[in-house]
Structure formats: C-alpha cells, structure tokens
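K.L.:
Got a structure for you, written out below as structure tokens; questions coming shortly.
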Amino acid sequence: MSEDGQGPYIIIEKTGSSVSAFLWGAILGAATALLLAPKSGRETQEELREGARRLREGAEDRIAGLRESAEEGYDKARDEVSERIEVAREAVVEKKQKAEEALRIDKEAAAKARGDLEKRVAESKAALKVALDEDGEEPAETRSD
C-alpha cells in the first residue's frame, strides 16, 4: 500500500482503435481459454485448427466481399464518367453546329451588305457623273492642276 492509504492503481492509456484492441483481446482470450481448458492436447490442437480454419474462411469471405464492392464501385464510377463524357461530346457537337450556322448567316449578311454598299456606291458615282456632265465641269479627281 502507498502512504496515503490507497492501494496500487493502474493507468491505462488509450492508443489506437478500440475495435482492434477488442479483436486482439478476443483472440488472446480464446487462445488462453483453449490452452488452459481441461482437454487433451489432441482435442485442444483440433479446436485450434478448427478456429484457425474458421478465421481464415471468414477473412477470405470478407476480402471477397470487399473486392466485389470495390469492383462494383469501379464499374459504377466508370459508367458515370463515360456517360458524362458522352453528354459533353454531344454538347460540343451541338455548339459547333450552332457556331457554324451563325457563321454562315453572318457571312451571308456581310455579302448582302457588301453588295448593297457596292450598289449604292455605283449609284452615287453615276449620279455624280450625271450631275457633273450637266454642269459641264470635269470631276475633281480627273482635273490636272
């Protein structure tokens, strides 16, 4: 006993996962129980083998389940990505078609505007020539000074 009248005390520090500690405790407890049980060595060995076999089969089942879940997740993600890529491609094709149509319309409008402008310039030149011919003056650009 210590001087203050209390008995010895134990300090437990928690590190790591409580689940892993529980599993290790269960495994060690089961192994201890098997080793200390009043059975023959052969029976104890058989029980240990059986327990190890069950543990291995359980681990294999869990690993297979995890592998299957991972494969399903991968397939689902791949399908979603493929679908989004296809949607994006369709959007690009649609935007390209709209841009080409807008460019075609703009070119037609520019050609029409140019034709109208050239026609108006020609009409203005003709009107100027008629007006100058009536006045009897030579146009300023053809006069020699």
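K.L.:
Consider G5 against the criteria (1) over 50 Å from the mean Cα position of the chain (by Cα); (2) among the small types (G, A, S); (3) modelled with pLDDT of 85 or more: it satisfies all of them except one. Which criterion is unmet?
P.N.:
Every condition holds for G5 apart from (3).
K.L.:
Could you go through region 37-50 and let me know if any residue there is in contact with a helix residue (DSSP H, G or I) (Cβ under 7 Å, 6 or more places away or on another chain), of a type outside the set (K, R) and not in a helix (DSSP H, G or I).
P.N.:
The answer is yes; a qualifying residue exists.
K.L.:
Is there any pair linking a residue in region 55-72 that is under 20 Å from L23 (Cα atoms) to one that is assigned to a helix (DSSP H, G or I), with Cβ under 9 Å and at least six apart or on different chains, and which?
P.N.:
Listed by first residue and then by second, the contacts come to L55/I27.
K.L.:
Which residues, counting only those in region 8-42, are modelled with pLDDT of 70 or more, aliphatic (A, V, I, L, M) and closer than 16 Å to L55 by Cβ?
P.N.:
L23, A26, I27, L28, A30, A31, A33
The values are calculated or read from the model by the stated rules, or taken from the named source; none is laboratory data. Bear in mind the structure is a predicted one, so any value in this text is a computation, not a measurement. Using ideal geometry, Cβ is built from the backbone for each residue, glycine included, and neighbour counts are taken over all protein chains shown.
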